[in-house]
Amino acid sequence: MPDTFESFMQQERERLSKAREEAQGRLKAAQEALAALDQEERAIEAYERVKQGTRGGQRAASAPGQPVTAPAMTLGDHALAP
């Protein structure tokens, strides 16, 4: 009987391990999807600011007739280059 119980426990460990790996895969996919949505939302916000001619709530410092550059996007306190 020890062989039967041991094989049962091994099968359960394998089942749980597989279930955990699948759950981690779904979690990673969900996190990536959220990050992509956040990035799209930041891009829309940046586009709207540029379209309005503002940079973070202030008027952009460009001469008339000159293109307005996209503002630097930030992630917390760390600026990302445009």
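What does the net charge come to around Ile44 if you take all other residues with beta carbon closer than 15 Å to its beta carbon, with K and R at +1 and D and E at -1?
Numbers: positive: Arg42, Arg49, Lys51; negative: Asp38, Glu40, Glu41, Glu45, Glu48.
So the surrounding residues net to -2.
Rank Gly53, Phe8, Ala35 by how far each Cα sits towards the positive end of the charge dipole of region 1-55 (+1 on Lys, Arg Cβ; -1 on Asp, Glu Cβ) and give me just the farthest.
Value computed over the given set: Gly53.
Given 0.36 nm per residue, what is the gain on full extension from Glu14 to Arg26 after removing their alpha carbon distance, in nm? The partial results should precede the final answer.
Details: separation 12, 0.36 × 12 = 4.32 nm, distance 1.84 nm.
Contour length minus Cα-Cα distance gives 2.5 nm.
Values quoted throughout were computed directly from the atomic coordinates according to the rules given, and no laboratory measurement underlies them. Quantities reported herein were computed from a predicted structural model and do not represent experimental measurements. Neighbour counts are summed over all protein chains in view; Cβ atoms, including those assigned to glycine, are modelled from backbone coordinates with ideal geometry.
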